[in-house]
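Here's the structure we're looking at; comments come further down.
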Amino acid sequence: MTSSQPQAKSQEQGREGLIVAHYGVAVEVRFSDGESQSVRVKRQSGHVVGDEVLVRGDILQRLPRRTEMCRRDVRGKVRLVAANLDVVGIVVSASPPPPRSYVDRAIVAAKAAGIHPFLVVNKMDLPSSDTFLAYLETIYQSVLTLFPLSASSGHGLDAIRNYLSHGHRCAFVGTSGVGKSSLLNALVPGIDLLVGELSEDQGLGRHTTTVATLHALAGGGELVDTPGFRDFGLVDVAPLEMAQYFPGFEAILETPCRFRNCYHQKEPGCSILKALQEGVLDPDRYESYLHILEDLKAGEAARRPY
Ligand SMILES: Nc1nc2c(ncn2[C@@H]2O[C@H](COP(=O)(O)OP(=O)(O)OP(=O)(O)O)[C@@H](O)[C@H]2O)c(=O)[nH]1
Ligand SMILES: [Mg+2]
């Protein structure tokens, strides 16, 4: 056998790689030996960062996905955030603060997609962050892991580095300006992602990151930086499924409602309504639940073909 034969055979079978960036009409594929290749794709190819692919010459074949993290934008269009994630870090900050029910939607979307969510509370160097963290802890501490940290000062970065080193593929999601790219820069030395300015009037970010990119962490694990977004519409999540994943409901629903298809609105024998009446459930949490429920019901009605 000549030495060119195995190479020819592998070209025929294709080389397995990972999409690490998507630039509209081209994707960057990284192979296990560290080499990478740019491959042209159609603008609406549907490929996304995290996709595992076979490359034969300039032809790309997508392999089946393990997970898909999706959201619906304000126009109702489904947007894929990244593929094949194991965990998702929902990044929030005291400034700019998360929109109403954003964190709840992100948690439900991740859980419904079989992806493990955790919460990253960035900008702990800001004076207002302690109160913000205390508020988040009262709601989410019993539901998921919180990482209070500061990309600027480096405080708390070891804890998240250690968590990600267990080989997780993770994406950071959050609104523009919370510091996702700053965090990646702090966690992956040398990548030098563009970091934005906050507008002085509203403290809002300006959509600095425009494409998702995937980066390997030196200690193990992979991290995807995503462009910030405010619309976190749920995709293919039924209202009853949402009720099951809504953060803070788990412990209460250990005592099940009388009816299995309970929406926790006015049904008799509802455990959630009972917890609300008894002061076990915070009315603000219930409000957030209703807010998402109404959206889901409205979306279902709008998409019904009759
Ligand atoms: N005080 C403080 N500011 C931070 C911290 N991390 C990031 N910032 C600032 O927050 C602003 C936005 O940071 P980015 O990293 O661009 O935010 P992003 O979430 O990637 O924003 P998009 O790419 O638009 O989604 C910049 O001015 C950063 O300097 C932090 O830990 N503390
Ligand atoms: Mg960014």
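Summed over region 22-37, residues that are under 22 Å from the mean Cα position of the chain (by Cα) and modelled with pLDDT under 95 total 3.
Here is a yes/no grid of residues against (1) modelled with pLDDT under 95; (2) closer than 25 Å to C70 by Cα; (3) within 14 Å of ligand 2 (Cβ to nearest atom):
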| position | (1), (2), (3) |
| --- | --- |
| L146 | no, yes, no |
| S152 | no, no, no |
| A171 | no, yes, yes |
| T210 | yes, yes, yes |
| G221 | yes, yes, no |
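Being touching a Lys or Arg at 6+ places or on another chain (Cβ under 6 Å), of a type outside the set (K, R) and touching a residue at least 24 places away in the same chain (Cβ under 8 Å) is the requirement here; does G269 meet it? Spelling it out, it is not the case that G269 is touching a Lys or Arg at 6+ places or on another chain (Cβ under 6 Å), of a type outside the set (K, R) and touching a residue at least 24 places away in the same chain (Cβ under 8 Å). Number of residues in region 161-180 that are part of a loop (DSSP other than H, G, I, E, B) and either within 15 Å of the chain's Cα centre (by Cα) or closer than 24 Å to L126 by Cα (or both) equals 7. Residues in region 85-111 that are assigned to a loop (DSSP other than H, G, I, E, B) and surrounded by fewer than 24 Cβ atoms within 10 Å (Cβ to Cβ): D86, A94, S95, P96, P97, P98, P99, R100, S101. A single entry from G196, G154, G190 fulfils the requirement of being within 7 Å of ligand 1 (Cβ to nearest atom) and assigned to a loop (DSSP other than H, G, I, E, B): G196. On the given criteria, is A134 of a type outside the set (S, T, N, Q) and away from ligand 2 (no atom under 16 Å from the Cβ)? Considered against the rule, which asks whether it is of a type outside the set (S, T, N, Q) and away from ligand 2 (no atom under 16 Å from the Cβ), A134 comes out as yes.
Taking the options R62, R66, R72, R79, name whichever one is farther than 20 Å from A112 by Cβ and among the charged types (D, E, K, R). Outline the logic, then answer.
Numbers: R66 fails: farther than 20 Å from A112 by Cβ; R72 fails: farther than 20 Å from A112 by Cβ; R79 fails: farther than 20 Å from A112 by Cβ.
Of the residues listed, the single one that is farther than 20 Å from A112 by Cβ and among the charged types (D, E, K, R) is R62.
Of all residues in region 116-126, those satisfying the criterion of being crowded, with 22+ Cβ neighbours inside 10 Å and among the aliphatic types (A, V, I, L, M) are L119, V120, V121.
Residue-wise test of (1) surrounded by fewer than 14 Cβ atoms within 10 Å (Cβ to Cβ); (2) more than 21 Å from the chain's Cα centre (by Cα); (3) assigned to a strand (DSSP E or B).
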| position | (1), (2), (3) |
| --- | --- |
| V20 | no, no, yes |
| V39 | no, yes, yes |
| G50 | no, no, no |
| V55 | no, yes, yes |
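The values are calculated or read from the model by the stated rules, or taken from the named source; none is laboratory data. From a predicted model like this one, the values you see are computed outputs, not experimental measurements. Counting neighbours? That spans all protein chains shown, and the Cβs are built from the backbone with ideal geometry, glycine included.
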